[in-house]
1. Using θ = phi - 60° and the Karplus relation 6.51 cos²θ - 1.76 cosθ + 1.60, list the HN-Hα couplings for segment 22-37 in order, rounded to whole Hz, with x at every Gly or Pro.
2. Whose amide H sits under 5 Å from the amide H of F29, counting only residues 5 or more places off or on another chain, with H placed in the peptide plane?
3. Provide the solvent-accessible area of F34, counting protein heavy atoms only and rolling a 1.4 Å probe, rounded to the nearest 10 Å².
4. Residue by residue through segment 52-65, what is 3J(HN,Hα) from phi via Karplus (6.51 cos²θ - 1.76 cosθ + 1.60, θ = phi - 60°)? Round to whole Hz and write x for glycine and proline.
5. For the chain, just the Cα set please: Rg and Dmax, both in angstrom.
6. Normalise the Debye intensity by I(0) for segment 8-63, one equal point scatterer per Cα, no solvent, then take log10 at q = 0.30 Å⁻¹ and round to two decimals.
7. Could you pull out every one of the lysines with an alpha carbon less than 30 Å from that of K39, ignoring same-chain neighbours closer than 8 positions?
Amino acid sequence: VNGSRAKKSNPNCAVDFSIDEDAEPGRAFVELHFADEDKRKVFMADRRAEEITRMMEEKGTELETKSVLKEVKFDPWKPENRLDSSKIVRPRQQQQGL
């Protein structure tokens, strides 16, 4: 996450850390702060490093998607952009109750 490859792909990403040597065992956590002001405190005792990395990647994908939607001026939450469930064509087996 903090390697030179990551920095090249996103130079605005900042990774800061501090270690509390006097912390209670089992209470270690990672605090994630994202560009959209979202903050998450993730306790490490319940997570593997891969899970936390996946959380950051998923959030990055979310932020990128929102940025692209904003750039093309598409708001999927506007009523006129929502799918009308009555017009969704269902696969034949679902219609027959299989």
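The values are calculated or read from the model by the stated rules, or taken from the named source; none is laboratory data. Because the structure is a prediction, the values reported are computed rather than measured. Heads up: the accessible areas ignore ligands, DNA and RNA and are worked out on the full protein's heavy atoms, side chains in. Shrake-Rupley method; radii C 1.70, N 1.55, O 1.52, S 1.80 Å.
1. 9, 5, 5, x, x, 10, 5, 8, 10, 10, 9, 10, 9, 4, 8, 6
2. M44
3. F34 has an accessible surface of roughly 40 Å² with all protein chains in place.
4. Along segment 52-65, the couplings run 5, 4, 5, 4, 5, 5, 5, 5, x, 5, 4, 5, 5, 4 Hz.
5. 20.5, 63
6. Once normalised to I(0) and log-transformed, intensities are -1.41.
7. Hits, sequence-local ones excluded: K7, K8, K59, K66, K70, K73, K78.
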